[in-house]
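Just below is one structure, and these are the notes that go with it.
The values are calculated or read from the model by the stated rules, or taken from the named source; none is laboratory data. These numbers come from a predicted model, not from an experiment. We place every Cβ from the backbone using ideal geometry, glycine too, and count neighbours over all the protein chains shown. Side chains included, ligands, DNA and RNA excluded: accessible areas come from the protein's heavy atoms. Shrake-Rupley method; radii C 1.70, N 1.55, O 1.52, S 1.80 Å.
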Amino acid sequence: MKPVIEVENLVKKFGNFVANDSLTFSVFPGEIFGFLGANGAGKTTTIKILCGLSSPTSGKVSVAGFDVYRQSEQIKRNIGYMSQKFSLYEDLSINENFQFYGGIYGLSRKEIRERTKTLLSRLDFLKAQNEVLRNIPQGWKQKLAFSVAVMHQPKVVFLDEPTGGVDPITRRQFWELIYEQAHNGTTIFVTTHYMDEAEYCGRVSIMVDGRIEALDSPKVLKNQFAVNSMNEVFVKLARATK
Amino acid sequence: MRTVIFILQKEFRQVFRDKLMLPIIFIVPVVQLLILSYTATFEIKNTRIVIVDLDHSQRSRELVFHFESSSFFKIVSRQQNYQLASEWLKNGDADQVIVIGADFEKAIEANQSAKILLVTDAINGSAASLMNAYAQQVIQGFNKNILTEKMPFTTNKGTLSAEPLFWYNPKLNYVTYMVPGILVLLVTIIGFFLSGMNIVKEKEMGTIEQINVTPIKKWQFITGKLLPFWLIALFELVFGLGIAKLVFDIPFLGSFPLLMGVAAVYLLVILAMGLLVSTLSDTMQQSMFISWFFLVIFILMSGLFTPIESMPAWAQWFNKINPIAYFITINRMIMLKGSDFFDFSELFYALSGYAVVMLLLAVNRYKKVKA
């Protein structure tokens, strides 16, 4: 299978600080790829480069078959992105947010209506569609942001710590959404520092100080480090480099 | 184009969902027009004077009476000597001191020159020269009376006299002069701040990132951001003109469509500048300070209060890049003189060029990808 994300020797420097130190990895269609690392390990930097929000210092990067240097606009048609910071409009209603983002991605008004309805009924949130976002609890907002990110049916969705500050039940529901989306063929690229969530991923990479120190399925990694949980894998790796 | 419509829809929703927005659009201009037009005036009324009459004669009382009966002067005190009177100037309780010399009457009767000392608080230079001129006029009037009295049969009563005619503002009404300029300020401030706060607000909220990962094009984004404020500011101008007509009865001699056409181009300059500030700053606070910095300079130098022609050469040169100066000049020409396009075509072309440059800069400085 041809990878949907291909990264080869990606380097990103901010002055003398190396945020990403020659990363190399591939992500395949329909995969749930966990991008793990401690705070400040360089996860968000990589995600921003893959989304075309930031340009790499050097290295080869392609997303959905397009090159990040020359074809960043084509990439943007084919990806969805949910940032760490909640980024729907607080002063607009749910419907209006869907309408705006759908419109920017070039969906027709009819498509927007239909998909808003499908996505909201999946969340069982149809009754609140005219509610202004300011009045909606955090956990719900995250699920809505996810729905907006996949509204235009992108090939890849980038989720940057999508479950930050969310209660365990909502986190579970969120992961059910992710599974459903992956099942429909969307590639999921997700960063997190909840290690229980890492267990849900097909493959994970663990980043320490800007370098990828391990990359495989949770099962293989646990065997390799002879431990019972991803948490222990993570602690071992992080300690090794200290 | 469809994309732009979606942005427009969103911007308008956000603007009008803001509870403060409607008062800003409707009440602020009324208040500003009313207050500024009446207070930002150099007309001198009720100059407060202190009289020091050292002569205590018939003649000196006549002169004081001349001041008393003028509507421009108000005698606030009479003092025994100049020392005491000058305290009033010092404390800011009086604007002028008039000292009538001890041998005032004697000198007049002897056909010699009688002496009056006129002291004016000149902290505000232009007000001082006006007050001085008014006082001189009163004294001239008094002088003429004496001449008539003493030489009733001379036909040659003085001198050359010119008949003044005041064009475009025959009653020398200061409000007529100020209102067209204040209208310009009004649309400028609304436009500059709405656009200057806008993109930076999305930066602070984090929504700009979500926009930057979409395939939106730069020109679509800037157009979508610019159009709503352009329409609001144009509406604001019409609204302000309505008030100017209803409340102040300001003449509007020129063509209304012509004025709106110029305003349309002018607002592109202002909004593009605002958006440029917005793209360059990271926080609303920064944007606020930068906006004020430019606006204050542009406004003070725009010729709203003082004529550009009497500014130093460098200031006149600076005003070539001051959009507010262009529009105030043109607005006064259209409203008060009824000028047509060819009277100010050069100014208009300069403004158009300015608009193109600012728009290109604004589109160029908006970066979807960070280095």
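Consider B:Ile98 carefully, then state whether it is under 18 Å from B:Ser57 (Cα atoms) and either open to solvent by 30 Å² or more (accessible area, probe 1.4 Å) or within 38 Å of the chain's Cα centre (by Cα) (or both). Criteria met by B:Ile98.
Filtering region B:358-371 down to residues that are open to solvent by 30 Å² or more (accessible area, probe 1.4 Å) and part of a loop (DSSP other than H, G, I, E, B), which residue is farthest from the other protein chains (Cβ to nearest Cβ)? Before you say what the answer is, go through the steps one by one.
Taking region B:358-371 as the starting set, the residues that turn out to be open to solvent by 30 Å² or more (accessible area, probe 1.4 Å) are B:359-361, B:363-365, B:367, B:369-371.
Okay, now just the ones that are also part of a loop (DSSP other than H, G, I, E, B), so B:367, B:369, B:371.
Working: B:Lys367: 10, B:Val369: 5, B:Ala371: 6 Å.
Selected residue: B:Lys367.
Check region B:327-346 and report whether any residue there is open to solvent by less than 60 Å² (accessible area, probe 1.4 Å) and within 29 Å of B:Val200 (Cβ to Cβ). Yes, region B:327-346 contains a residue that is open to solvent by less than 60 Å² (accessible area, probe 1.4 Å) and within 29 Å of B:Val200 (Cβ to Cβ). Within region B:203-213, can one find any residue that is open to solvent by 20 Å² or more (accessible area, probe 1.4 Å), assigned to a helix (DSSP H, G or I), touching a residue at least 40 places away in the same chain (Cβ under 8 Å) and within 14 Å of another protein chain (Cβ to nearest Cβ)? Taking every residue of region B:203-213 in turn, at least one turns out to be open to solvent by 20 Å² or more (accessible area, probe 1.4 Å), assigned to a helix (DSSP H, G or I), touching a residue at least 40 places away in the same chain (Cβ under 8 Å) and within 14 Å of another protein chain (Cβ to nearest Cβ). Among the conditions (1) surrounded by 19 or more Cβ atoms within 10 Å (Cβ to Cβ); (2) away from every other protein chain (no Cβ under 14 Å), B:Gly92 misses just one, which is (1). Within region B:1-28, residues that are in contact (Cβ under 8 Å) with a residue 24 or more places away in the chain and within 11 Å of chain A (Cβ to nearest Cβ) sit with their Cβ atoms under 7 Å from residues that are of a type in the set (Ser, Thr, Tyr) and surrounded by 14 or more Cβ atoms within 10 Å (Cβ to Cβ), at 6+ positions apart or across chains, in these pairs: B:Val4/B:Thr223.
State whether the residues of region B:44-56 include one that is within 30 Å of B:Ile182 (Cα to Cα), among the hydroxyl-bearing types (Ser, Thr, Tyr) and touching a strand residue (DSSP E or B) at 6+ places or on another chain (Cβ under 8 Å).
Start the filter on region B:44-56 by keeping residues that are within 30 Å of B:Ile182 (Cα to Cα), which leaves B:44-48.
This time we only want the ones that are among the hydroxyl-bearing types (Ser, Thr, Tyr), so: B:47.
Filter again for touching a strand residue (DSSP E or B) at 6+ places or on another chain (Cβ under 8 Å), leaving B:47.
Looking through region B:44-56, at least one residue is within 30 Å of B:Ile182 (Cα to Cα), among the hydroxyl-bearing types (Ser, Thr, Tyr) and touching a strand residue (DSSP E or B) at 6+ places or on another chain (Cβ under 8 Å).
Any idea which residue in region B:20-59 is nearest to B:Asn173 (Cα to Cα), counting only those that are among the β-branched types (Val, Ile, Thr) and open to solvent by 30 Å² or more (accessible area, probe 1.4 Å)? Let's see the steps before the verdict.
We begin by selecting, within region B:20-59, every residue among the β-branched types (Val, Ile, Thr); these are B:24-25, B:27-28, B:30-31, B:35, B:39, B:41, B:44, B:47, B:49-52.
Next, only the ones that are open to solvent by 30 Å² or more (accessible area, probe 1.4 Å) stay: B:24, B:27-28, B:30-31, B:35, B:39, B:41.
On the way: B:Ile24: 29, B:Ile27: 25, B:Val28: 24, B:Val30: 20, B:Val31: 20, B:Ile35: 16, B:Thr39: 13, B:Thr41: 10 Å.
Step by step, filter region B:20-59, then rank; the result is B:Thr41.
B:Ala315 meets all of the listed conditions (1) farther than 16 Å from B:Ala355 by Cα; (2) open to solvent by less than 10 Å² (accessible area, probe 1.4 Å); (3) modelled with pLDDT of 90 or more but one, namely (3).
Criterion applied to B:Leu275, B:Leu246 was being in the same structural domain as B:Val356 (by TED's automatic domain parsing) and either surrounded by 15 or more Cβ atoms within 10 Å (Cβ to Cβ) or assigned to a loop (DSSP other than H, G, I, E, B) (or both), and the one residue passing it is B:Leu275. Residue count for region B:158-180 satisfying the condition of being touching a Leu at 6+ places or on another chain (Cβ under 7 Å) and either in a loop (DSSP other than H, G, I, E, B) or at pLDDT below 75 (or both): 3.
Taking the conditions (1) more than 25 Å from A:Gly52 (Cβ to Cβ); (2) touching a Gly at 6+ places or on another chain (Cβ under 7 Å); (3) open to solvent by less than 20 Å² (accessible area, probe 1.4 Å) in turn, A:Glu197 satisfies each one other than (2). Of all residues in region B:223-237, those being among the β-branched types (Val, Ile, Thr) and either farther than 23 Å from A:Leu88 by Cβ or more than 14 Å from chain A (Cβ to nearest Cβ) (or both) number 1. Considered as a group, the residues in region A:1-31 that are aliphatic (A, V, I, L, M) and open to solvent by 10 Å² or more (accessible area, probe 1.4 Å) include one that is nearest to A:Ile79 (Cα to Cα), and that residue is A:Val4.
Tell me the residue from A:Leu215, A:Leu221, A:Leu237 that is at pLDDT 90 or above, assigned to a helix (DSSP H, G or I) and aliphatic (A, V, I, L, M), please.
Values: A:Leu215 fails: assigned to a helix (DSSP H, G or I); A:Leu237 fails: at pLDDT 90 or above.
Criteria check complete, one pass: A:Leu221.
Inspection of region B:3-19 identifies at least one residue that is under 31 Å from the mean Cα position of the chain (by Cα) and either open to solvent by 90 Å² or more (accessible area, probe 1.4 Å) or modelled with pLDDT of 90 or more (or both). Residues in region B:60-91 that are in contact with a Ser or Thr (Cβ under 8 Å, 6 or more places away or on another chain) and either of a type in the set (D, E, K, R) or not in a helix (DSSP H, G or I) (or both): 3 in all.
Residues of region B:108-125 that are more than 19 Å from B:Phe65 (Cα to Cα) and open to solvent by less than 60 Å² (accessible area, probe 1.4 Å): B:Ala110, B:Thr120, B:Asp121, B:Gly125.
Could we say that A:Leu107 is farther than 19 Å from A:Phe35 by Cβ and either of a type in the set (Ser, Thr, Tyr) or surrounded by fewer than 21 Cβ atoms within 10 Å (Cβ to Cβ) (or both) here?
For A:Leu107, the condition - farther than 19 Å from A:Phe35 by Cβ and either of a type in the set (Ser, Thr, Tyr) or surrounded by fewer than 21 Cβ atoms within 10 Å (Cβ to Cβ) (or both) - is not met.
Do we have B:Ile290 as crowded, with 22+ Cβ neighbours inside 10 Å, more than 18 Å from the chain's Cα centre (by Cα) and of a type in the set (A, V, I, L, M) here? When the stated conditions are applied, B:Ile290 does not pass them.
If you go through region B:1-31 one residue at a time, how many are under 30 Å from A:Gly106 (Cβ atoms) and part of a helix (DSSP H, G or I)?
17
In region A:23-103, counting only strands (runs of 3 or more DSSP E) that sit wholly within it, the ones holding 3 or more residues that are more than 9 Å from every other protein chain (Cβ to nearest Cβ) span A:32-37, A:58-63.
In the set (1) closer than 30 Å to B:Glu204 by Cβ; (2) assigned to a loop (DSSP other than H, G, I, E, B), B:Ala355 fails one condition alone, (2).
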